[in-house]
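For reference, the structure is listed below as structure tokens.
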Amino acid sequence: MDLKNKEYIDKIRSLAKEKNAVIFAHYYTRPEIQECADFIGDSLALAQQATRVDADILVMCGVHFMGETMKILCPQKKVLIPDMKAGCSLADSCKAEDLNELIKNEKLKIKNSDACQELIVVSYVNTSAEVKALTDVVVTSSNAKKIVDQLPKDAKIIFGPDHNLGSYINSVTGRNMILWNGACHVHSRFSLEALLELKAANPGVEVLAHPECKAPILAQSDVIGSTKALLEHTIRSSAKRFIIATESGILFEMQRACPDKEFIPVPPEVTEGVGCSCNECEYMRMNTLEKLYNCLLNESPEMHVDKEIAEKAISSIQRMLEMS
Ligand code: 13P
Ligand code: SF4
């Protein structure tokens with residue numbers, strides 16, 4: 001079927017109504033997916049909203065771990081995801097068996113030191129269900145500082161997998177968490193040189209960055225926050241122009257919310273012959289209207305999470321929701 005966006009959106013909306021389905025989309029998805037969704041949000045808002053809606057089917061247009069989190073939180077509901085191959089380089093940078101090894105080593109160090117120290121594992125939501133099952137509390141970029149601030153001051157904390165976010169949280173909480181060495185390939189490739197040029201060409205314009213960006217980018221930023229926090233800042237601020245260092249999908253919602261403002265995206269470093277030279281997450285872009293339509297029509301692909309893993313993982317996600 002070769003339909004235009006508008007026709008697809010109309011068909012998807014009537015199918016969703018017929019099937020009592022709710023469509024969720026992350027801010028990084030294609031504009032037409034955001035236009036079609038019932039609910040758009042950052043990782044935290046999507047997880048919170050999933051537990052509140054009264055629907056038989058939840059469709060998560062985002063990446064795999066977002067669908068997984070939704071299924072863990074709503075095991076009785078059918079959770080669909082338009083493309084099961086929509087992964088996340090950050091989640092992939094932390095395998096459960098490797099994290100388990102680190103946890104065992106750190107527990108042994110505590111035991112050998114005779115210290116009666118508590119070990120707390122904090123994982124970013126961008127992780128697999130298996131990693132969440134090894135985790136004490138999950139965080140997102142919206143609530144990481146607030147949650148780490150509530151943890152006992154004398155506890156030893158392992159934070160993973162995003163090293164940039166972990167360093168930033170260490171700096172704003174005064175903690176010395178043990179950091180996993182993972183990164184998001186999109187956020188770690190923003191060009192400092194290009195950002196400095198943009199700042200020089202646009203004096204006084206605020207720079208807004210996601211905390212998954214590298215420290216030199218964050219050091220040049222005026223506002224550091226989750227996608228939702230950055231969006232809310234652009235709505236609240238009296239400024240008319242902003243330089244944005246995060247995945248460019250967010251520009252759609254920023255522009256929709258503030259039609260009279262200008263958003264200037266920071267470009268990535270250009271690495272000849274390697275990967276994508278844009279600031280888009282190719283996994284998020286795998287969500288297309290055609291796949292969304294087919295997924296709703298066929299009620300497939302459906303997200304399943306191993307029962308035992310889900311039972312272990314849910315407490316770390318629920319702890320996050322309680323502490324947010
Ligand atoms: P948010 O938690 O800000 O939605 O970010 C999720 C993500 O994947 C960032 O790359
Ligand atoms: Fe994962 Fe990065 Fe894509 Fe976010 S932008 S989903 S962290 S790969």
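Can you name the number of the only condition in (1) farther than 21 Å from Cys88 by Cβ; (2) out of contact with any Lys or Arg (no Cβ under 8 Å at 6 or more places or on another chain) that Thr173 fails?
(2)
Test Ile9 against the criterion of being in contact with a Cys (Cβ under 7 Å, 6 or more places away or on another chain) and either away from ligand 1 (no atom under 16 Å from the Cβ) or farther than 23 Å from Ser128 by Cβ (or both), and give yes or no.
Numbers: in contact with a Cys (Cβ under 7 Å, 6 or more places away or on another chain): yes; either away from ligand 1 (no atom under 16 Å from the Cβ) or farther than 23 Å from Ser128 by Cβ (or both): yes.
Criteria met by Ile9.
I'm trying to understand the selection: among the residues of region 230-249, which are out of contact with any Gly (no Cβ under 9 Å at 6 or more places or on another chain) and either part of a loop (DSSP other than H, G, I, E, B) or modelled with pLDDT under 95 (or both)?
Selection gives Ser237, Ser238, Lys240, Thr246, Glu247, Ser248, Gly249.
Residues are listed down the side, and each one gets a yes or a no for (1) in contact (Cβ under 8 Å) with a residue 24 or more places away in the chain; (2) over 30 Å from Asn170 (Cβ atoms):
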site: Ala201; (1), (2): no, yes
site: Leu208; (1), (2): yes, no
site: Ile217; (1), (2): yes, no
site: Lys228; (1), (2): yes, no
site: Lys240; (1), (2): no, yes
site: Ile243; (1), (2): yes, no
site: Phe252; (1), (2): yes, yes
site: Cys258; (1), (2): yes, yes
site: Val266; (1), (2): yes, no
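Give me the pairs: first residue in region 296-309 and farther than 23 Å from Lys19 by Cα, second residue in a helix (DSSP H, G or I) and at pLDDT 95 or above, beta-carbon distance under 6 Å, and six or more apart or on different chains, which are they?
Close Cβ pairs (under 6 Å, with a partner that is in a helix (DSSP H, G or I) and at pLDDT 95 or above) amount to Ile309/Ala129; Ile309/Glu130; Ile309/Ala133.
Give me the pairs, please: first residue somewhere in region 47-71 and more than 18 Å from Lys19 (Cα to Cα), second residue anywhere and assigned to a helix (DSSP H, G or I) and away from ligand 1 (no atom under 12 Å from the Cβ), beta-carbon distance under 6 Å, and either six or more positions apart or on two chains.
Close Cβ pairs satisfying both conditions: Thr51/Leu73; Glu68/Ala129; Met70/Ala50.
Scan region 285-299 and give yes if some residue there is under 27 Å from Ser188 (Cα atoms) and more than 16 Å from ligand 1 (Cβ to nearest atom), otherwise no. First the steps, then the outcome.
First, the residues of region 285-299 that are under 27 Å from Ser188 (Cα atoms): 285-288.
Cutting the leftovers down to more than 16 Å from ligand 1 (Cβ to nearest atom) gives us 288.
Yes, because at least one residue in region 285-299 is under 27 Å from Ser188 (Cα atoms) and more than 16 Å from ligand 1 (Cβ to nearest atom).
Please work out which residue is surrounded by the most Cβ atoms within 10 Å (Cβ to Cβ), limiting yourself to region 213-240 and to residues that are among the small types (Gly, Ala, Ser), under 20 Å from Glu262 (Cα atoms) and more than 14 Å from ligand 1 (Cβ to nearest atom).
At the first step, the residues of region 213-240 found to be among the small types (Gly, Ala, Ser) are 215, 219, 221, 225-226, 229, 237-239.
This time we only want the ones that are under 20 Å from Glu262 (Cα atoms), so: 221, 225-226, 229, 237-239.
If we keep only those that are more than 14 Å from ligand 1 (Cβ to nearest atom) too, we end up with 221, 237-239.
Numbers: Ser221: 19, Ser237: 15, Ser238: 4, Ala239: 15.
The qualifying residue surrounded by the most Cβ atoms within 10 Å (Cβ to Cβ) is Ser221.
Tell me which helices (runs of 4 or more DSSP H) are completely within region 135-212 and hold 1 or more residues being within 15 Å of ligand 1 (Cβ to nearest atom), at pLDDT 95 or above and buried (at least 17 other Cβ atoms within 10 Å of the Cβ), or say none if there are none.
Details: elements: 144-150, 163-173, 192-201.
Counting at least 1 such residues, we get 144-150, 163-173.
Going through region 64-89 one residue at a time, which ones are crowded, with 24+ Cβ neighbours inside 10 Å and in contact with a Gly (Cβ under 6 Å, 6 or more places away or on another chain)?
Val79, Ile81
The values are calculated or read from the model by the stated rules, or taken from the named source; none is laboratory data. Keep in mind the model is a prediction, meaning the values are calculated, not measured. Backbone-built Cβ (ideal geometry, glycine too); neighbour counts: all protein chains shown.
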